[in-house]
Every structure is written in C-alpha cells, then in structure tokens.
1. How about region 52-98: which of its residues are in a helix (DSSP H, G or I) and touching a His at 6+ places or on another chain (Cβ under 6 Å)?
2. Tell me which residues, restricted to region 71-90, are at pLDDT 90 or above and crowded, with 16+ Cβ neighbours inside 10 Å.
Amino acid sequence: MSTSRVHRTMPQGEERKRSDGGKQKTRLATKATLHLDLNRNAGFLPDFVLQKVRENSRHLTKDEAIVIQADGSRKRSENQDEVYQRLHKILVESVSVDVPGVTSTEKKKRVQQLYSLLS
C-alpha cells in the first residue's frame, strides 16, 4: 500500500508531560493514526471492495472515511504495523460477507453424488 494514497498522521518528536510530583518527563509520541477517505484516497482498491466496505463496514465515519488508531506499543513502528493490520482485517471482513469460503471435500462429494443421480 502506497503511503502517498493513504493519509497517515504519525506524531513526530518528543513531548513534555508533567508527572504527579510536578517533575517533567520526556515522553516519545508513538501513537499511529491512519485516515483512509474512501471518496478520495482509496483508488488503489477495486470498486467491488469499496462497495462492500461501504455496505458492510461498521468502521466508517459520516464522511465515508476509515480512521484507525493504535497506541498499544511503546514503539512507533509496531503501532504503524498494527494500524495496517487492522485496515487489512476491516477490508477482508467487509468483503468476506459475500464471498464464499473454501468448499469442504464432504460437500464436494455430496454435490457429485447429486449430479450422478440427475444424469
């Protein structure tokens, strides 16, 4: 996925926070946020996928954008990876509603038996 097509807000640098005792601590900003506007920035996705995301996704905002945030790790790179994993999961879940899974061998055998009865 090209970073030029997906708007990412990744914090830069350090920020100073006060702790309980009034002492200042330097904390790194590691939160990762991904904004995917389906109307403008989702040209890399097939039309079928976009349609299914619009129909089936509970993650859309009013402006038809998907906003994902991750701050569970202390490492920025791990939070960025988490954001993209969540986006992938959202896309797969939206499309898999209408796409059938793998047919089991038992089901294939039953269908072949039905075809043999009809012949």
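The values are calculated or read from the model by the stated rules, or taken from the named source; none is laboratory data. For clarity, every value in this text was computed on a predicted model and none was experimentally measured. Cβ sites come from the backbone with ideal geometry, for glycine too, and all protein chains shown count toward neighbours.
1. Matches in region 52-98: 90 only.
2. Passing the criteria: 79, 80, 82, 83, 84, 86, 87, 90.
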